[in-house]
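As structure tokens, the structure follows; a few thoughts come after it.
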Amino acid sequence: MERTEVFDRLREQMADMLEVDQDDIKEESLLVDDLDADSIDLLDLVLILREAFDLEIDDNEVKSLLVDLARFLPELGGAGGELSDERLVEVSRRLRVGMIVDFIMQRTQIAS
């Protein structure tokens with residue numbers, strides 16, 4: 001799957017979930033600050049990743065998912081391993097749509 005296809009599919013799903021116009025969702029958009037996502041929306045995002053992209057993510061894997069996504073935040077030094085709850089909140093505040101696209105691309109390549 002090409003990156004643009006992943007982004008377009010994610011953007012369509014996120015626009016429905018967050019009730020925003022698709023044109024307002026850019027790769028550089030911050031989920032929390034730009035798109036007004038809250039913690040429930042982040043959980044809904046996990047469902048989107050499961051259903052729309054056929055990714056294997058268990059219900060108890062949300063924290064692990066945020067740790068995985070933290071690897072795409074260079075300012076956290078790749079954030080491998082464990083993160084405190086405060087750092088997890090920081091990760092969710094810094095999540096950009098493009099980071100989720102990167103995550104999907106990586107996970108779908110591993111599954112292939």
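The values are calculated or read from the model by the stated rules, or taken from the named source; none is laboratory data. Keep in mind it's a predicted model, so treat the numbers as computed, not measured. Every residue, glycine as well, gets a Cβ built from its backbone with ideal geometry; the counts of neighbours run over all protein chains shown.
Could you tell me whether Arg71 is over 20 Å from Asp16 (Cα atoms), touching a Gly at 6+ places or on another chain (Cβ under 8 Å), at pLDDT below 80 and not polar (S, T, N, Q)? Yes: the conditions hold for Arg71. Contact annotation: residue pairs with Cβ atoms under 9 Å, 6 or more positions apart or on different chains, pairing a residue in segment 39-61 that is of a type in the set (Ser, Thr, Tyr) with a partner that is surrounded by 13 or more Cβ atoms within 10 Å (Cβ to Cβ) and at pLDDT below 80, are Ser39/Ser92. Among the residues of segment 20-33, the ones that are part of a loop (DSSP other than H, G, I, E, B) and modelled with pLDDT of 95 or more come to 7 in all. Candidates in segment 34-53 are the residues that are aliphatic (A, V, I, L, M) and over 15 Å from Arg94 (Cβ atoms); of these, the one that is modelled with the lowest pLDDT is Leu43. If you go through segment 34-45 and keep only what is not in a helix (DSSP H, G or I) and not hydrophobic (A, V, I, L, M, F, W, C), you end up with Asp34, Asp36, Asp38.
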